[in-house]
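J.: The structure follows.
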Amino acid sequence: MTENTGAQKRQATFIDSQGKKKKQKLSPEQAALRGRVVKCCKEQNLAEATEICEAFFDGKIEMESGYHNQLLYVLTGGSMVVPTDTRPQLALRLFKSMQDRGCTIKEASYTLLLRALCAARQIVEAEQVLETMRERSVHFKLRTHSALMRGYCEVGNKQRAYEVLSLIRNKFKVLAEVDYLPLLTLALKRDEIDEFDALVRELMEDEFSPSKETWGLMQKRYRDTHTWDTAVSVSPEGGCGACACVLRSVDPTPEDISTLMARMEGLVVKDADRARDWKLFTAWFEENKSRFDTVIDGANVGFWKKNGNGNVPTRIDYKQVQRLVSHLEQEGRRVLLILHHRHLLPDFIGENTDIGNVWKEKDMLYTCNSGNNDDWYWIYAALGLGPGGDFVSNDEMRDHNFNLSEHRAFKIWKERHAIKFDFIKREPLEPREMIIVKPTTYSFRMQINADMSWHLPSKKAVPVETDEEEGGDADVSQMETLWMCLRRKTGGNTGNKDNGLVGVAGTDSESEQNPAVANTEDVVNVEVAEKTVENTGDKDDGLVGVAGTDSEFGQNPAVANTEDVANVEVAESNKEGETIKKSESRQNIENIEVNQT
Ligand SMILES: [Zn+2]
């Protein structure tokens, strides 16, 4: 980006000490302040944000209206999943000043403030913020409720916490693990084991591989009756490496599958054209489904790792799809390939026409018409193959367009039938190696046995489309997932083996405490610390938010806030009939960001 020196673009909206908005050219001091704010937001520099705010409240500086949102982000620990080091009082003062001055306040700012107040146990102030949100008809998101529920748990107000919980359940259906953690902690603190157990039963449906924080809480819950190993291998047949247990495989019921298929159908058939196409497809599928046992999401395979360097290709890699097809066929699988029909048009398939012809000759290809989403077709077909069918796609299908993610059966089905794949670069000049990861023979999820023994998997590695670094990609097929085996103590058992973890914490042998309790603490602390590192850049919604550093408020706070600032400025300039455009105000901030670095 080139440096922008135009006087017009050096303008900004200011709010003076009387709360009046005015357009000003940036003086060198103001430009420097802008640089400070952007930098402190980027670095999440709490001390710097505090200093700037205090100078503002002391009347020593004037501030652009957009800075308020940015500073609030820093003061409330916007980049943290659970804000710990914050300045809630100062944030509240800044927030009130924003209200007084008529700044546009976005949902994110309200929620951040509410969250920081809850974390600081200032629940009365948090409720006031909530009330303001209601008065101003600010749209409530799950994160607002989550923050409040956590706040009530923190102060031990169980009744209010459960009120918010039932509100979340009604409105959002599926809870994230991060929402269960404060409730579980509260139940343990109050020694309410039945409530703890009931929550865990719910959690295990919503999160198949809970984080080490949940592991730690489970250890605490069972410390008197159970023993545990935290680095257990499970055999391909599902045999636990620490006890005699064999993990089970649990499929959705046929009724669940029918419900999901009907749901999918309801989603698709929205107009006459789609209804006609869908009818043709379902009739064809009913007649032909016995010929298939594996459905391929052709677009997902064909576009996999094809959009590097900022390119978004329109053509799939036909050879890549064919490699996967022939591999599965060699394994004896009967493949149904689903693609959007444009991929078979001469302009698209071009020199790969021969590949397309083979698919057609084998009658293993179904193409959907334009106006349709090919995902509907392959998901429906994969569901329709029943318990013996699998599908190939790395798509996690979290897209709300499917409207299926709130059905727990959908999650169970995905886990049991998804074949994951990857094409990885081992050597720069060698062709990519194809990796295929089939579902395990046992359900890859937290499981409980009749004797109240538990098995909890750590997070499973999945193929990701990250930018490739030299030296090759991670091979997920080689990554073993370790489990925690939490089982009843037997007569001769004296303590818990935390393979590897005790050594890290180093306190176990020195501890005078009950070894089971000491272990619990060690595991929780050590593994939470690890999580913070390993979660960086984690794209899995299920686990981001547990203990990592990412948050749903935006991965890059400086960038996220740039947008906020831009929007605020647009709103203001529109009101005043000014001509500054969003792109310009964004450009200014980005320029300064670039110049700073
Ligand atoms: Zn076991």
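J.: Which of the residues that make up the range 88-107 are over 11 Å from residue 69 (Cα atoms), basic (Lys, Arg) and in contact (Cβ under 8 Å) with a residue 12 or more places away in the chain?
T.: 93, 101
J.: Among the residues of the range 232-257, how many are more than 11 Å from the ligand (Cβ to nearest atom) and under 28 Å from the mean Cα position of the chain (by Cα)?
T.: The number of residues fulfilling the criteria is 8.
J.: Mind checking whether some residue in the range 213-223 is open to solvent by 60 Å² or more (accessible area, probe 1.4 Å) and either of a type in the set (Phe, Trp, Tyr) or within 16 Å of the ligand (Cβ to nearest atom) (or both)?
T.: The answer is no; no qualifying residue exists.
J.: What number goes with the only condition from (1) under 19 Å from residue 294 (Cβ atoms); (2) surrounded by fewer than 19 Cβ atoms within 10 Å (Cβ to Cβ) that residue 452 does not pass?
T.: So the condition that residue 452 fails would be (1).
J.: Residues that are over 24 Å from residue 487 (Cα atoms) and outside any loop (DSSP other than H, G, I, E, B): does the range 210-226 have at least one?
T.: no
J.: Right, here's the next one. Is the range 296-305 home to any residue that is at pLDDT 95 or above and assigned to a strand (DSSP E or B)?
T.: Within the range 296-305, one or more residues are at pLDDT 95 or above and assigned to a strand (DSSP E or B).
J.: In addition: Suppose we keep only residues that are among the aliphatic types (A, V, I, L, M) and within 24 Å of the chain's Cα centre (by Cα) within the range 282-316. Which one would you say is farthest from residue 394 (Cα to Cα)? Before the answer, list the steps.
T.: Within the range 282-316, the subset among the aliphatic types (A, V, I, L, M) is 283, 295-296, 299, 301, 312, 316.
Then keep just the ones that are within 24 Å of the chain's Cα centre (by Cα); that gives 299, 301, 312.
Working: 299: 11, 301: 8, 312: 18 Å.
Applying the filter and picking the extreme gives 312.
J.: Do we have any residue at all in the range 407-421 that's free of Cβ contacts under 8 Å to residues at least 40 places away in the same chain, surrounded by 19 or more Cβ atoms within 10 Å (Cβ to Cβ) and of a type in the set (Lys, Arg)?
T.: yes
J.: Shifting gears a bit: I need the full set of residues from the range 169-207 which are more than 22 Å from residue 444 (Cβ to Cβ), among the charged types (D, E, K, R) and out of contact with any His (no Cβ under 9 Å at 6 or more places or on another chain), in order please.
T.: Residues satisfying the conditions are 169, 189, 190, 191, 192, 194, 195, 197.
J.: Just checking, how many residues over the range 266-292 are open to solvent by less than 30 Å² (accessible area, probe 1.4 Å) and in a loop (DSSP other than H, G, I, E, B)?
T.: Residues meeting the conditions: 1.
J.: Among the numbered criteria (1) open to solvent by less than 10 Å² (accessible area, probe 1.4 Å); (2) more than 16 Å from the ligand (Cβ to nearest atom), which one does residue 208 miss?
T.: (1)
J.: Out of the range 349-384, which residues are open to solvent by 10 Å² or more (accessible area, probe 1.4 Å), among the hydroxyl-bearing types (Ser, Thr, Tyr) and either in a helix (DSSP H, G or I) or not assigned by TED's automatic domain parsing to the domain that holds residue 335 (or both)?
T.: Hits for the range 349-384 are 353, 380.
J.: Hey, can you tell me all the residues within the range 41-86 that are of a type in the set (Ser, Thr, Tyr) and crowded, with 24+ Cβ neighbours inside 10 Å? Walk me through it before giving the result.
T.: Of the residues in the range 41-86, the ones of a type in the set (Ser, Thr, Tyr) are 50, 65, 67, 73, 76, 79, 84, 86.
Once the filter is applied, which keeps residues that are of a type in the set (Ser, Thr, Tyr) and crowded, with 24+ Cβ neighbours inside 10 Å, the range 41-86 yields 67, 73, 76.
J.: Against the condition touching a residue at least 40 places away in the same chain (Cβ under 8 Å) and either in contact with a Ser or Thr (Cβ under 6 Å, 6 or more places away or on another chain) or open to solvent by less than 30 Å² (accessible area, probe 1.4 Å) (or both), how does residue 328 come out, does it pass? It would help to see each step written out before you state the result.
T.: Working: touching a residue at least 40 places away in the same chain (Cβ under 8 Å): yes; either in contact with a Ser or Thr (Cβ under 6 Å, 6 or more places away or on another chain) or open to solvent by less than 30 Å² (accessible area, probe 1.4 Å) (or both): yes.
Taking the combined requirement at face value, the residue satisfies it.
J.: Let me ask something additional. Among the residues of the range 224-238 satisfying the criterion of being out of contact with any Phe, Trp or Tyr (no Cβ under 9 Å at 6 or more places or on another chain) and open to solvent by less than 60 Å² (accessible area, probe 1.4 Å), which is nearest to residue 457 (Cα to Cα)?
T.: 235
The values are calculated or read from the model by the stated rules, or taken from the named source; none is laboratory data. All of these numbers come straight from a predicted model, not from anything done at the bench. Backbone-built Cβ (ideal geometry, glycine too); neighbour counts: all protein chains shown. Just the protein is used for accessible areas: all its heavy atoms, side chains included, with ligands, DNA and RNA removed. Shrake-Rupley method; radii C 1.70, N 1.55, O 1.52, S 1.80 Å.
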